[in-house]
Amino acid sequence: MISLVQSASSPALVRTRNLLANLAVVFLITGCASTTVQTPQPGASTPDRSSSSQSGRELPEVRENEARPKAPTIAPPRNSGAQTLLARADTALAAEQPATAVLLLERAVRIEPREALLWIRLSQAHLDQGDSRAAFQHARKAIALAGSQTNKRTAAWLQLANVYQAQGKDGEAKQIRNRYGRSSG
Amino acid sequence: MPKKPASGRRRSASSSKKPPLKASWFTRVSRWVLRLALRITLWVALVGVLVGSGYLYYLDRSISKTFEGRRWSVPAQVYAQPMELYAGKRLTNAQLQDELLRLGYRKTQDLSAPGGYQPIPGGVRLHLRSFAYMDAIRPSMRITVMFVGNRLQRILAGNRNMDLVRLEPAVIGSFFPSHGEDRLILTPDQVPALLAEGLKAVEDREFDAHKGFSLTGIARAALVNLRSGEAQQGGSTLTQQLVKSYFLTNERTIERKLRELAMSIILELRFSKEDILTAYINEIFLGQNGARAIHGFGLGAQYYFNKPLNELPPSQIAALISIIRGPSYYNPFRHPERTLRRRNRILDTFLADGLISNARHQDAIGQPLGVVASPNSGGAYYPAFMDLVRAELSERYSASDLRTQGLRIFTTLRPREQANAQQAVSNTLKAIEQERKYEAGSLQASTVVTDTQTGEVLALVGGRQGRVDGFNRAINARRPVGSVIKPLIVLSALESDYEWSSLVNDQAITITPPNGEPWSPRNYDGKTRGAVPIIKALALSLNLAAVDLGNRIGLDVVQGRFADLVGYTPKNRYPSFFLGAEPMSPLQLAELYGNFASGGFRTTPKSVIAVLDEQGTPLSHHPFDVTQTIEVDTATSLNSGLEIVMRRGTGRSSPFAQRGVAGKTGTSNDNRDSWFAGFDNSRLSIVWVGRDDNKPTGLTGTSGALRIWNTMTEAAGPDPITSATSENSIAIEYDTGLQATAKCADVVVLPIRRPDTLKPKSGCGIKTSFGERLRAIFGR
């Protein structure tokens, strides 16, 4: 069990390093997603309103169609419900609200439990919260679920590399990146 | 003490005729007694005032404390998982309407207010209620949901397409105190005006004016009752009724009446009329449901009508008011006609007082009572699942927090899965008892259903009567698991040098462990089969082969893996562990099998997602907890073997045996316990069948527990396992473990890590591998 209230004690350096590492993965994966994920249409947005008045966790507006680096295509979650939640979780992650992202991603996993992409993001959200144990296990889970889907497997391994790096295991991180960084093109 | 003469004039007057000595003595004594009496009276009065003040102070403290305490003492509310709606979801129009009915939505043409739905060709229109979820607030809104076949096609709000909409979660229980009082607390603005005004009109006309008691009220009640010849009205004010309700006692004494009166006056002096009326609405006793006392109109509306109070029409508000006078006498479930008559009289009062129009009165009078079918069919109530929630929360929240802090607890329960599981248990046990001519009710069963990937508990059945808060067999009954344990031995073998094709000895054996009795296990059919491949030994659940394999691997190794997978060491340290002589609860078994079903991750079954305080601020989030315990390839391989158990072995009688499901049956000694553990892509289910007195049932895992699983899977719809086919999947002969093809032998296809070690079946035209040829040459 973890508290939803984020720990303010994580050292700035670790945070910055995590952020950079995560941004790399965000770019890699959301970049992929943007080529294939059908993003919510303006006005067709979600009925759930962030309960900012209650918890102070207001989500910023989703900005789609921003220029992103080219990356291999990763198939999005199969159903629209999980897609929508993934898009919202990405927004929360970008806004440094990993606790909100975990709630949204777990909700998405309940809809599509075997979608590796959701577990990759969960790993990232846990890492952002400073929980590298959960981040590690969620990345392992993503690798297991990715199976033979090459791009998802690559993304999952690279997320594991991020976890290793955050744990100070630079050697392991480098080894994974050497192996999967190139193949991700 | 005699006083001196007051003046000289009196002395001179009295000196002429001296008063008799006797009279003077009498007068003095009289005066003294009088003065003494006066003093005593004064003292008594003084003490009386002091004691009286003290008593009043006590009454004041007592009533104020109770009033304030009850006002803020709110049992935690527990919610199920809300149903998510999105395009492409596997859901039929009928299933959605079922869910809406479960949530208390009413079928209506008028969708102007939340809580109604209207079937249309190919779909349904509905007016969703607003709800504060753990991550967001969803305002009430009107949507249209369309279906094509058994899939949800799209969701529209006006003419906008919606990607994702949640229904509200069902309330599945609350943590009410041991004295049983359960309630849903309403704030004054949540109280419908008709209820507030109606209560005054029926129960206490002078409420707005009186100071806690009403002489005219008493007189009017007496008159009405005299005229009608029955106790139609009481003389107590709402305030007096509230006080009486706080200190539940049937004692009818003057002293109690006076105390109530004093407390009522104190309440009126201390609190506003609005506070008192709201407290009354939240407090008044409205019925009894087993150990649970239904207090207040908020819970009353849920209990009797399965709806929020603000959605009740006048007829149902009047029905609730009618219950106050005697929740037992006017019990709508037991005495519907009597309650209906009183409800109609109350509706007449509403009309006479101008609270409702003629038209609404006419409409309301024509309505049936409208209570839910039975006391338990309304607001869902799942005591077995709640046990799990309670156990999980006890680590973090005190019992007092749960009973009084108004916490909102979001859980993993899926009411539809729960209803399926409960129904499967009840119906199957009944059928088995009838077929085998067993005494009705002699069998018991329990099940746990979890999500294979997250370990979240979707349903938990503690016994055949789901609504009864009794012994929870899913959590607390630990019974020997029999052959259900065998996949653990196979896992340990696959993690060593063994393959599915490896041969084990299915032959009689006697083991005498150090410090133990000699032990001679037997196969269920009493036969032995000699050398058999591991896959066949598992599929047919051969005991002797399992013991042989276990001995080869080592008890310590197998039990070490057990501890890795469930987090504790087994109790039985003897080889009989290999045959499942280890008592476990269905919940513990769900944890063990979760490792397999998830593809190699330990996911402790959990039921709580998050806890929020009364204001909606998150207190704790309980995220997924996964830990890799088995290598992915090994887990995939084991699951392939468990699929063969269903296709070829003890699970083959299941109608889903050939549809990509995995599982294992288990039977304990003398058929006392019948087990089945099975999973598909999305659900893991553990089923136990047995008797509470632990007598033999005559059932095997196949003829008992598997049948319940079949019924559950039928209702939920199977979701075939989609594990990636291993590159090393190879056809081997089922009887011999030799590499073969379907053309030349009866084969099963399974992952083999080292194909070069396989021996080919002669006559199948399979070339011997280079490695095998080498081994043949060097004789290894």
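Of note:
- Converting phi to 3J(HN,Hα) with the Karplus coefficients 6.51, -1.76 and 1.60 and the offset θ = phi - 60°, the stretch B:624-637 yields 4, 10, 10, 9, 5, 10, 10, 4, 4, 4, 5, 5, 4, 5 Hz in sequence order, with x at every glycine or proline.
- FRET efficiency, 1/(1 + (r/R0)^6) with R0 30 Å, evaluated for B:D525 and B:E714 via beta carbons: 0.55
- Additional length obtainable on full extension of the chain from B:N515 to B:L101, 0.36 nm per residue less Cα span: 142.9 nm
- Pairs of C-alpha atoms in chain B farther apart than 36 Å represent 58 percent of all such pairs.
- Protection proxy ranking of B:163-174, B:629-640, by the mean of other Cβ atoms within 10 Å over each peptide's residues and highest first, is B:163-174, B:629-640.
- Summarising the label geometry, the points placed 7 Å from Cα in the beta-carbon direction at B:Q190 and B:R28 lie 7.9 nm from one another.
- Taking Cβ atoms as reference points and 14 Å as the exclusive limit, the residues near B:Q316 contribute a net charge of +3, counting Lys and Arg as +1 and Asp and Glu as -1.
- B:K606 long-range amide H proximity, modeled H, under 5 Å: B:E456, B:V457
- For the stretch B:342-465, the gyration tensor built on C-alpha atoms gives an oblate shape. Its axis ratio a/c (a ≥ b ≥ c) is at least 1.5, and a/b is not larger than b/c.
- Under the convention that each Lys and Arg Cβ holds +1 and each Asp and Glu Cβ holds -1, the size of the dipole of the protein assembly as shown around its Cα centre is about 3580 debye.
- Contact order, relative form, for chain B: 10 percent (alpha carbon pairs under 8 Å, 6 or more residues apart, mean separation divided by residue count).
- If the segment from B:T741 to B:A291 were pulled out straight at 0.36 nm per residue, it would be longer than the present Cα-Cα gap by 155.6 nm.
- Ordering B:G560, B:A474, B:I276 by Cα displacement along the dipole of the protein assembly as shown toward the positive end leaves B:I276 in first place; charges were set at the Cβ atoms of Lys, Arg (+1) and Asp, Glu (-1).
- Ordering B:N639, B:L544, B:I485 by Cα displacement along the dipole of chain B toward the positive end leaves B:I485 in first place; charges were set at the Cβ atoms of Lys, Arg (+1) and Asp, Glu (-1).
- Multiplying the residue separation of B:T617 and B:Q153 by 0.36 nm and removing their Cα-Cα distance gives an extension gain of 163.5 nm.
- Each residue of the stretch B:173-366 gets 133 Å³ once the volume of the Cα convex hull is shared out per residue.
- Cα gyration tensor shape of the stretch B:498-624, rounded if a/c is under 1.5, else prolate or oblate by comparing a/b with b/c: prolate
- Percent RCO, i.e. relative contact order, over the stretch B:457-716, from Cα pairs under 8 Å lying at least 6 residues apart: 19
- Taking every residue in B:600-612 and counting other chain Cβ atoms within 10 Å of its Cβ, the average works out to 2.
- For B:M584, distant residues with modelled amide H under 5 Å away: B:R479, B:V481
- The modelled label-to-label distance between B:L36 and B:R659, using points 7 Å beyond Cα along the C-beta direction, is 10.1 nm.
- Pairwise Cα distances in the protein assembly as shown exceed 56 Å in 28 percent of cases.
- Overall, the anisotropy analysis places the stretch B:78-170 in the rounded class: the square-rooted eigenvalues a ≥ b ≥ c of its C-alpha gyration tensor yield a/c less than 1.5.
- Mean residue ellipticity (222 nm) of the protein assembly as shown, computed from DSSP H runs ≥ 4 via -39,500 (n - 2.57), nearest 500: -14000 deg cm²/dmol
- Each residue, B:Q507 and B:F333, gets one label point 7 Å from its Cα in the Cβ direction; the gap between the two is 6.4 nm.
- Using a Förster distance of 35 Å, the FRET efficiency for B:N358-B:A219 (Cβ separation, nearest 0.05): 0.70
Bear in mind these aren't lab numbers, they're just calculated from the coordinates by the rules spelled out. Just so it is clear, the model here is predicted, and its values are computed rather than measured. With ideal geometry, Cβ positions are generated from the backbone for all residues, glycine too; neighbour counts draw on all protein chains shown.
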